[in-house]
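The values are calculated or read from the model by the stated rules, or taken from the named source; none is laboratory data. Because the structure is predicted, anything quoted here is derived from the model rather than measured. Note: ideal-geometry Cβ built from the backbone for every residue, glycine included; neighbour counts use all protein chains shown.
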Ligand SMILES: Cc1cc2nc3c(=O)[nH]c(=O)nc-3n(C[C@H](O)[C@H](O)[C@H](O)COP(=O)(O)OP(=O)(O)OC[C@H]3O[C@@H](n4cnc5c(N)ncnc54)[C@H](O)[C@@H]3O)c2cc1C
């Protein structure tokens, strides 16, 4: 990492933001809208962190380097306020699909009742699990996307959500009998990147399943970088400055300001702040746990993936890994430090609903699987074998490839420690208290310095709520009316 100390401006900004991921930009925009003079310093040469789009495989094929699927953006109170002019969401007919051997698949589309009707003997259990939450999804999602320590506006509803969400995914699945329904829950729960036998993994299934019914799982036309373009336009309109190619290694490199917002992981906060963090707080931040990494591969394809199951051809997102038992075994292997022979994969085919990302008739596709932290193992073959299992003939369509091992994911954004795309493991404790056990998760021990990355509540994903929450904490401290 090259460290180029930023130029101190003639007039010092009111607020400095380090890092221009969705949370850094959400913080910057919230501060700028409170009439603060904002400067953003980004280490990479392009802004956007986990929201960048590049021609990774071949010219004319636009792949998202990290995030592509945006249900969390669609339900985010921050993005509802930011409005995102210039961003068009393309929502596929099927929110996500989960193929099984023999050409079968489970799929979520439309209402809870419509999906339940495809699940045979499990229709009633599916309605019982999702019906009450989806009926009150606005309140549930608002509460879950706020710091969990904030008192809930609807305590009974949240207690009901907690009862369904807190157990391990494997407990939640006990109410279901068919391979299809059990696999569908496992695929959702595996977004936690935790063993499915751990408490809290059920929450991922309930929350993400709810978004599938309320907003679908959309992609952004042209790629996720359009989100960043829109936020940058709004920041420019508010008079904020964004500097790229400026890695910050110490807080003393920053211009003097009333507020410093850090879109970084706790590990980087500690190294940037040095001995300005008291020993006790440093110990607590050092105890913060990072999770497993990911290995990601992008392809350019000469045609659509020949999925055996028809539902898989009508969605952008596919959970690959077979049955609940197979996915549970794969995730347990990763947690034990191994690289599974048949990994659980999240496969994303955005060109199904956004053909603008590739030349006519051609497609972009990516998949990632979970690997032990800091892994340098290339999982390309194993992922392609998993795709061939459910889409025979897939390899014949590949005309370009680009792979990133977990350590390269970390090079892309230092927040992804060891390749952990959530900047911190989603253990039950770190889902509630993030990064440390405190009622003020965005404050650091240094007055005026705040953490706003996905290492703070509500955690990983493109929702901007970490940045928004941190900026609101700073605005409150400054005594500015919201
Ligand atoms: C492969 C992959 C797939 C994903 N898929 C999805 C998805 O489909 N949907 C979804 O919602 N989420 C997805 N995510 C997660 C999502 O991208 C992240 O949760 C989100 O980007 C976090 O935003 P952030 O602003 O906290 O951090 P980041 O987006 O990581 O941004 C942090 C920024 O800060 C900069 N920075 C860090 N340290 C410094 C420093 N010292 N000096 C200067 N700059 C610094 C970094 O360069 C980076 O630009 C995915 C992530 C990955 C890696």
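Among the residues of the range 222-275, those that are on the phi > 0 side of the Ramachandran plot, away from the ligand (no atom under 13 Å from the Cβ) and in contact with a strand residue (DSSP E or B) (Cβ under 9 Å, 6 or more places away or on another chain) comprise 222, 239.
Does the range 378-408 hold any residues that are within 16 Å of the ligand (Cβ to nearest atom) and part of a loop (DSSP other than H, G, I, E, B), and which are they?
Correct list: 378, 379, 405.
Looking at this structure, is residue 92 surrounded by fewer than 24 Cβ atoms within 10 Å (Cβ to Cβ), closer than 24 Å to residue 357 by Cα and away from the ligand (no atom under 13 Å from the Cβ)? When the stated conditions are applied, residue 92 passes them.
Criterion first (closer than 19 Å to residue 419 by Cα and in contact with a strand residue (DSSP E or B) (Cβ under 7 Å, 6 or more places away or on another chain)) does residue 402 satisfy it?
Details: closer than 19 Å to residue 419 by Cα: yes; in contact with a strand residue (DSSP E or B) (Cβ under 7 Å, 6 or more places away or on another chain): yes.
Answer is yes for this residue.
Listed by first and then second residue, the pairs linking a residue in the range 390-404 that is in the same structural domain as residue 378 (by TED's automatic domain parsing) and surrounded by fewer than 18 Cβ atoms within 10 Å (Cβ to Cβ) to a residue that is in a strand (DSSP E or B) and modelled with pLDDT of 95 or more, with Cβ atoms under 6 Å apart and 6 or more places separating them unless they lie on different chains, are 398/299; 399/300; 401/299; 403/297. In the set (1) closer than 21 Å to residue 24 by Cβ; (2) under 20 Å from the mean Cα position of the chain (by Cα); (3) in a loop (DSSP other than H, G, I, E, B), residue 411 fails one condition alone, (3). Listed conditions (1) in a loop (DSSP other than H, G, I, E, B); (2) modelled with pLDDT under 95; (3) in contact with a helix residue (DSSP H, G or I) (Cβ under 9 Å, 6 or more places away or on another chain) are all met by residue 306, apart from (2).
In the range 438-468, what residues are outside any loop (DSSP other than H, G, I, E, B) and within 16 Å of the ligand (Cβ to nearest atom)?
Scanning the range 438-468 gives 449, 450, 451, 465, 466, 467, 468.
Considering the range 243-287 alone, what residues qualify as being under 11 Å from residue 446 (Cβ atoms) and under 26 Å from the mean Cα position of the chain (by Cα)? Listed by number, the residues that qualify are 260, 262, 269, 272. Checked against the criterion of being part of a helix (DSSP H, G or I) and farther than 27 Å from residue 324 by Cβ, the candidates 138, 122 yield just one match: 138.
Look at the range 53-71 and say how many of its residues are more than 8 Å from the ligand (Cβ to nearest atom) and part of a loop (DSSP other than H, G, I, E, B). Show your work before the answer.
Our first condition is that a residue be more than 8 Å from the ligand (Cβ to nearest atom); within the range 53-71, this holds for 53-63.
Remaining after also requiring part of a loop (DSSP other than H, G, I, E, B): 55-62.
Here the count works out to 8.
Look through the range 11-30, keep the residues that are touching a strand residue (DSSP E or B) at 6+ places or on another chain (Cβ under 8 Å) and assigned to a helix (DSSP H, G or I), and return whichever of them is farthest from the ligand (Cβ to nearest atom). By that ranking, first place goes to 28.
Within the range 329-340, the set of residues being in contact with a helix residue (DSSP H, G or I) (Cβ under 7 Å, 6 or more places away or on another chain) and either surrounded by fewer than 24 Cβ atoms within 10 Å (Cβ to Cβ) or in a loop (DSSP other than H, G, I, E, B) (or both) comprises 340 only. With respect to being crowded, with 24+ Cβ neighbours inside 10 Å, in contact (Cβ under 8 Å) with a residue 40 or more places away in the chain and farther than 22 Å from residue 332 by Cβ, residue 462 fits the description. When 435, 482, 373 are checked against the criterion of being on the phi < 0 side of the Ramachandran plot, surrounded by fewer than 21 Cβ atoms within 10 Å (Cβ to Cβ) and at pLDDT 95 or above, a single residue qualifies: 373. Restricting attention to the range 414-437, the residues being in contact with a strand residue (DSSP E or B) (Cβ under 6 Å, 6 or more places away or on another chain) and part of a helix (DSSP H, G or I) number 2. Only one of the listed residues (76, 109, 137) is outside the structural domain of residue 439 (by TED's automatic domain parsing), touching a helix residue (DSSP H, G or I) at 6+ places or on another chain (Cβ under 8 Å) and within 15 Å of the ligand (Cβ to nearest atom). That residue is 76.
In this structure, is residue 426 modelled with pLDDT under 95 and under 15 Å from the mean Cα position of the chain (by Cα)?
When the stated conditions are applied, residue 426 passes them.
Here residue 195 clears all of (1) closer than 30 Å to residue 358 by Cβ; (2) part of a loop (DSSP other than H, G, I, E, B) except the condition numbered (1).
Quick check on my filter: what residues within the range 341-366 are away from the ligand (no atom under 14 Å from the Cβ), surrounded by fewer than 23 Cβ atoms within 10 Å (Cβ to Cβ) and in a loop (DSSP other than H, G, I, E, B)? Within the range 341-366, 341, 342, 358, 359, 360, 361, 362 meet the criteria.
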